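The values are calculated or read from the model by the stated rules, or taken from the named source; none is laboratory data. If you're wondering where the values come from, they're calculated on a predicted model, not measured in any experiment. Glycine also receives a Cβ, built like all others from the backbone with ideal geometry; neighbour counts cover every protein chain displayed. Surface accessibility is based on the protein's heavy atoms, side chains included, excluding ligands, DNA and RNA. Shrake-Rupley method; radii C 1.70, N 1.55, O 1.52, S 1.80 Å.
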Amino acid sequence: MTNGLSFYYLCFHFAKKTDYMDEQLLLLVNGHHTAFLDSFMWLLTQKTIWIPLYCSMLYVVWRNYGWSGALQLLVMVGVGMLITDWANSQFLRPAIGRLRPNNPENPLFPLLYRVNDVRGGGYGFPSAHSANNWMLTFVLFYWLRDRWTIITMSLFSLLICYSRVYLGYHYPGDILGGFVLAVLTVSAIAWLHTRYLHFEKVPDPKYTWMPAFFIGIILVLFAGASL
């Protein structure tokens, strides 16, 4: 009995300590702001702006695997987003109940610097931006298995995740939760795809530079617009 109580006490203490570190890291990132970064991070987190990048990913898979590959990619991404969104809205967020930092009901709210005076919605763990962007990264790497693809897309996902913390939408722990959700989702989808569709990688995929090209162009445009 004593050992059991000690274990639960240690778990509770660890959880409180982790929450404290999460809050401090959030305030550190959110507190180091400039006018340039405010504008840049605000643009960075808008989903529709990245449509050219998503189209380039589809184009690369199409050029290497044909229409069948492009369709399978769309299905994998669609199923992955359905899973992550369902897990978030129906299970994880209601069960964990962690308010977004920029929710006015969060005690941390007065301490945040809020770009454009933005106020968040309800719960934020895990981060859907993190889950969806990391899912795209892992799915594209699954298809291409290219070193530059994983490096470029990983840096892109990290930048998007940083913007969510910078803007006060998420704690770093929310971002990590989204990453784990993406790993689990893509692992399951990739296993099913390989097992039942007998997927074989193209030996030397072409046009793998395109996602990096579009990311670079869009970031340069963001930087110019933020000056």
Problem - Residue list for region 133-153, filter: under 23 Å from Ala188 (Cα atoms), touching a helix residue (DSSP H, G or I) at 6+ places or on another chain (Cβ under 6 Å) and not aliphatic (A, V, I, L, M) - result: Asn133, Trp134, Thr137, Phe138, Phe141, Tyr142, Trp143, Thr149
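This table checks each residue for (1) free of Cβ contacts under 8 Å to residues at least 40 places away in the same chain; (2) assigned to a helix (DSSP H, G or I); (3) more than 20 Å from Asp19 (Cα to Cα).
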site	(1), (2), (3)
Gln72	no, yes, yes
Val79	no, yes, yes
Arg93	yes, yes, no
Pro101	no, no, no
Glu105	yes, no, no
Phe141	yes, yes, yes
Exercise for the section: Say whether the condition of being at pLDDT below 95, small (Gly, Ala, Ser), in contact with a Pro (Cβ under 7 Å, 6 or more places away or on another chain) and not in a loop (DSSP other than H, G, I, E, B) is met by at least one residue in region 123-139. Expected result: no
Completion exercise
Scanning region 106-117 for residues that are over 17 Å from Pro172 (Cα atoms) and open to solvent by less than 20 Å² (accessible area, probe 1.4 Å) gives Val115
Fill in the blank from the handout: Residues of region 26-38 being open to solvent by 40 Å² or more (accessible area, probe 1.4 Å) and either in contact with a Ser or Thr (Cβ under 6 Å, 6 or more places away or on another chain) or hydrophobic (A, V, I, L, M, F, W, C) (or both), in sequence order, are Leu27, Leu28, Ala35, Phe36, Leu37
Handout entry: Top-ranked residue in region 184-200 [being aliphatic (A, V, I, L, M), over 30 Å from Leu27 (Cβ atoms) and open to solvent by 30 Å² or more (accessible area, probe 1.4 Å); ranked as nearest to the chain's Cα centre (by Cα)]
Key = Ala188
Practice task
Return the residue satisfying two criteria in turn: it lies in region 194-211 and is modelled with pLDDT of 90 or more and assigned to a helix (DSSP H, G or I), and of such residues it is nearest to Leu111 (Cα to Cα).
Solution key: Pro211
Completion exercise
Going through region 82-102 in order, the residues found to be surrounded by fewer than 19 Cβ atoms within 10 Å (Cβ to Cβ), closer than 30 Å to His32 by Cα and at pLDDT 90 or above are none
Handout entry: Members of region 131-152 found to be open to solvent by less than 10 Å² (accessible area, probe 1.4 Å) and under 14 Å from Pro211 (Cβ atoms), listed by number
Key = Thr137, Val139, Leu140, Trp143, Leu144, Thr149
Exercise for the section: Hey, could you check region 41-70 for residues that are within 17 Å of the chain's Cα centre (by Cα), part of a helix (DSSP H, G or I) and not aliphatic (A, V, I, L, M) and say which is surrounded by the fewest Cβ atoms within 10 Å (Cβ to Cβ)? Expected result: Thr48
Exercise for the section: Only one of these is within 14 Å of the chain's Cα centre (by Cα), in a helix (DSSP H, G or I) and surrounded by fewer than 16 Cβ atoms within 10 Å (Cβ to Cβ): Leu176, Leu181, Leu155. Name it. Expected result: Leu155
Problem - Test result for Tyr162, hydroxyl-bearing (Ser, Thr, Tyr) and either without any contact (Cβ under 8 Å) to a residue 60 or more places away in the chain or surrounded by 24 or more Cβ atoms within 10 Å (Cβ to Cβ) (or both) - result: no
Exercise for the section: Answer yes or no: is there a residue in region 63-81 that is more than 24 Å from Leu140 (Cα to Cα) and at pLDDT 90 or above. Expected result: no
